[in-house]
Amino acid sequence: MSWENVDSISNIKIWSEYSNSTQAHLFVNGRHQVLLTVGLSFTLLDAAQPGPDSDEVLSVLQLINNTDSGSLKYLAEVDKGQYNSVFDPSLQSSSGSGASVDNGIYDYTYSFYLQSDRSINVGGWSESVALRLDYISYRNKSPQTVVYETSRLGSGIKTNVQICCYPERLYGNHGGRRTALNIIERLNSVPVHVNHNQSSGSGFHSDLYALYIDDDYFKIIAFDGQHAADSTALEPLSYYMVKEKPEYDQIQNTHFPSVSPGKSSYDVEINFREGAGSGTPMIEATVSVDQQEGDISFIASYYDLQGDDSGQDHNGSVKIYFYDQFGNSGVALVNECPPEIVSVS
């Protein structure tokens, strides 16, 4: 029967994931998303017969501006992406419990993901979202076009969600006004298994370093080039020879596993070298990493060797494009051994 069995809309609501389900908070960075849920029900002319199916209802449902009933001005509907964490502007954890408050009392429910960027919202304006349905009703036995709006100007049940927008969060070095990144030694002398050693030195050990956002709320959850831990042997990012005693040098290497952020434990195979060039590494070892939430891990390794002045210093660097849980991004340049932050932008 489809629309021929529709008398009117009996219930309709739009809500967010927040405990106050009439609001949501969004970073204007082109990646962060807010989830809005729409629930609605129809009064049917014959309750024993079906109404329109879910796709038919979705085809006539629109998100509109609550103030003037026009199209959304500062927000765009998008497919679900990676960065849809619930942002609490008080910087406290949010349970996001509002989304399930009204589940189960509507005949139809739909999910919409919204985001914003500077191409449509250069001023970081907020926007209130309401609903519109254009459908055919057969209340009086003949088809009638119904325009049903929940906006301020509409004649339907009033329901809307205010999307409060915020400029993209900026990251930088310590000492500035931006949220700082930091790199620290997380663990001294992590477990290491030496698989092969072709030298006669001593004291080989590895320390775990972590690059992270120096904030209790914002966390790195992704960076470009990340991957799961695998068995690929890593070449050093940087290597140095440091004179310790007249007859001994300490060889230093930094390795960058590029393993995805997040709390995990994994093994990394490393080739420890005295300097550049092909051939068998001085040491081949397996390093066990216990990575913390929000960390990008580096491994700094050290080995004492009787000096022969054959080592070569190489200050390699890596540029890391990182993202927090809300899609705010930054670029960190890291080099040295042990690893140090050169710059953040």
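The values are calculated or read from the model by the stated rules, or taken from the named source; none is laboratory data. Remember, predicted model here, so these are calculated numbers, not experimental data. As a convention, Cβ positions derive from the backbone with ideal geometry for all residues, glycine included, and neighbour counts pool all protein chains shown. Keep in mind that these areas ignore ligands, DNA and RNA; they rest on the heavy atoms of the full protein, side chains included. Shrake-Rupley method; radii C 1.70, N 1.55, O 1.52, S 1.80 Å.
Taking strands (runs of 3 or more DSSP E) that fall entirely within the stretch 212-272, which contain at least 2 residues that are over 16 Å from Val289 (Cβ atoms)? Even if it seems obvious, please write down each step before you answer.
Numbers: elements: 220-223, 238-245, 248-255, 264-272.
Where strands (runs of 3 or more DSSP E) fall fully within the stretch 212-272 and carry at least 2 residues being over 16 Å from Val289 (Cβ atoms), they are 220-223, 238-245, 248-255.
Give me the residue from the stretch 17-59 that is in contact with a Leu (Cβ under 6 Å, 6 or more places away or on another chain) and within 21 Å of Ile157 (Cα to Cα) and, out of that set, least open to solvent (accessible area, probe 1.4 Å).
Looking at the filtered set, the residue picked out is Gly51.
What are the residues in the stretch 137-169 that are open to solvent by 60 Å² or more (accessible area, probe 1.4 Å), modelled with pLDDT under 95 and part of a strand (DSSP E or B), if any?
Gln144, Thr145
Determine which member of the set Asp134, Asp230, Asp216 is surrounded by fewer than 20 Cβ atoms within 10 Å (Cβ to Cβ), within 23 Å of Phe87 (Cα to Cα) and of a type in the set (D, E, K, R).
Checking each option against the conditions leaves just Asp216.
Does the stretch 60-76 hold any residues that are surrounded by 13 or more Cβ atoms within 10 Å (Cβ to Cβ) and within 19 Å of Tyr110 (Cα to Cα), and which are they?
Hits for the stretch 60-76 are Val60, Leu61, Gln62, Leu63, Ile64, Asn65, Asn66, Leu72, Leu75, Ala76.
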